[in-house]
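So the structure is just underneath, and the comments pick up after that.
Readers should treat all values here as calculations from the given coordinates under stated rules, not as data from a laboratory. The structure presented is a predicted model; accordingly, all values stated were derived computationally and were not measured. All Cβ positions, glycine included, derive from the backbone under ideal geometry; neighbour counts span all protein chains shown.
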Amino acid sequence: MTTDTPGRKPQRRTRGKPSYVDREVGRRVKELRVLLGWTQTQLADRLDITFQQIQKYERGANRIGAGRLYEIAQAMEVSVAHFFEGLSTHPERQSTDADRAPNPLEMRETQTLAAAFYRIKNPAARRRLYELARAMADSSHGESDDGGAESQNPAV
């Protein structure tokens, strides 16, 4: 809703339906939290807020202020920019959650697997697991997606 005053620009209200950016930033907070293997309570404790507030942020129901986003980024050891990377400059062109195809990286199973993978401390064991998973995927699809080129995954 806008309010008009003669000689002034209309002012927009900030309350109401969360924007695409609010929802996307919240989704990325959740994605990273799960990847780190943290509960909402663990993240909330690091920020000295309630887990209910984390739930609201992750759903996009509450907007995350600049200061709070900075604190979240510090707690998760990422840059604030991490939560905005790749966002469309035209959010009105974004499809709704119901319209878009499921993203395997957003699946809980994938996030749990990735979190477990990074908890493996032995780099050689992690590398062997990576190679096993890749070989299994390649054999089930006939050949690798990259034409057999070696992965450039720096974490492995």
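Some points to look at:
- ALA61/TYR118 FRET efficiency (R0 30 Å; Cβ-Cβ; nearest 0.05): 0.55
- ALA125/GLN42 FRET efficiency (R0 25 Å; Cβ-Cβ; nearest 0.05): 0.45
- Spin-label model, TYR70 to LYS17: label points 7 Å out along the Cα-to-beta-carbon direction sit 3.2 nm apart.
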